[in-house]
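Data first, discussion second: the structure below is written as structure tokens.
The values are calculated or read from the model by the stated rules, or taken from the named source; none is laboratory data. Please read these numbers as outputs of a predicted model, since none were measured by experiment. Note that we place each Cβ from the backbone using ideal geometry, even for glycine, and neighbour counts take in every protein chain shown.
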Amino acid sequence: MMLTRWQPVTALREVQNPIGTRLANVFGDWLSDFESPLFGFWNRPFPAVEVREDDQHYYILAELPGMAPEAVEVTLEGDTLSLSGERKAEKIDGQTVSFSERPTGSFVRRLTLPNLSAGEVLEARMDNGLLKITVRKSQADQRKRISVSAH
């Protein structure tokens, strides 16, 4: 018997696709012009992230275009790195929004990374809409290679 890891997002997609198809059948092309927050959310996590690592550190890149550094919070608790913040809609006097594909509102993105139980965030900086975070891995949890000798 083969064991497979349960992936909740995949399970939600399996449920959402038939629902989305039924809504499209009812509303036709009318829905195709709009991005549904309910159904589009699971397909595109926000912010989009990339995680790289070497022996000592994790390097996390998060895309947050148009956000000020003050609007983003980075926290590390145990082995979970959390990115949170709020993107507010820009309001200009005398103008109303006719159409927008720019997400607004609060967000939280949690990343569980191994070897972080006693790690620390060394740096978090915003550079042209890209949040760059460097996290030191826990020294106690780092894998060490032990050579095996023959007698």
- Select from region 116-143 the residues that are over 19 Å from the mean Cα position of the chain (by Cα) and modelled with pLDDT of 75 or more and list them in ascending order. Glu120, Leu122, Arg136, Lys137, Ser138
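Quick check, is Arg110 touching a strand residue (DSSP E or B) at 6+ places or on another chain (Cβ under 6 Å) and at pLDDT 90 or above? I'd like the intermediate steps shown before the answer.
Working: touching a strand residue (DSSP E or B) at 6+ places or on another chain (Cβ under 6 Å): yes; at pLDDT 90 or above: yes.
The answer is yes for Arg110.
Given region 42-104, what strands (runs of 3 or more DSSP E) lie entirely inside it while holding 1 or more residues that are polar (S, T, N, Q) and in the same structural domain as Met126 (by TED's automatic domain parsing)? Outline the logic, then answer.
On the way: elements: 49-53, 57-63, 72-77, 80-87.
Answer list for region 42-104: 72-77, 80-87.
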- Answer yes or no as to whether Ile146 is at pLDDT 90 or above and of a type outside the set (Gly, Ala, Ser). no
- Counting only residues that are acidic (Asp, Glu) and in contact with a helix residue (DSSP H, G or I) (Cβ under 8 Å, 6 or more places away or on another chain), region 77-132 contains a total of 1
- Out of region 105-128, which residues are closer than 16 Å to Met67 by Cβ and not in a strand (DSSP E or B)? Asn128
